[in-house]
């Protein structure tokens, strides 16, 4: 199959087209609820900016928001700190491995979450969310490297957490 030049050329062209269309649809859906994304021209993922939802612009608050998104919203996103983002509040969302229906479910969940967050801002503060504690785990090798490396302040690799309904 891979030795068939006509097939591979056609496949790669169609794949790039579909990824570009999915990216456009996803980022337009996010923009409708006020979430901006970094510009891109295709790719397998996008970066969405949820920094306005942070109580403070810190990595700790980003991870707190990430836990809420994974546990309550049930979306599999990765916090920017896992990719050494300098600004807290950026989240990586992969849209390459989902179909259109799943993308619509994800966008609906994001819309509902942003709507709840906006409503909560307008109302008096209540008890903070308490749920299962997720944490980023580091391998022993990473700990060893961080002690011996001048780059010990770098974040861990992406946590790939699958959120279940």
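See the values below:
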item	result
Qualifying residues in the stretch 44-86 (those that are in a loop (DSSP other than H, G, I, E, B) and under 14 Å from the mean Cα position of the chain (by Cα)) - the one surrounded by the most Cβ atoms within 10 Å (Cβ to Cβ)	50
Residue among 75, 50 that is touching a residue at least 40 places away in the same chain (Cβ under 8 Å), in contact with a helix residue (DSSP H, G or I) (Cβ under 9 Å, 6 or more places away or on another chain) and within 19 Å of residue 102 (Cα to Cα)	75
Filtered residues of the stretch 12-43 (kept if within 22 Å of residue 83 (Cβ to Cβ), part of a loop (DSSP other than H, G, I, E, B), in contact (Cβ under 8 Å) with a residue 12 or more places away in the chain and over 13 Å from the mean Cα position of the chain (by Cα))	40, 41, 42, 43
Residue tally, condition assigned to a helix (DSSP H, G or I) and either in contact with a strand residue (DSSP E or B) (Cβ under 7 Å, 6 or more places away or on another chain) or under 20 Å from residue 38 (Cβ atoms) (or both), over the stretch 87-110	4
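Only the coordinates and a few stated rules stand behind these numbers; no lab work does. Owing to the predicted nature of the structure, the values given are computational and were not obtained by experimental measurement. Cβ: placed from backbone, ideal geometry, glycine included. Neighbour counts: every protein chain shown.
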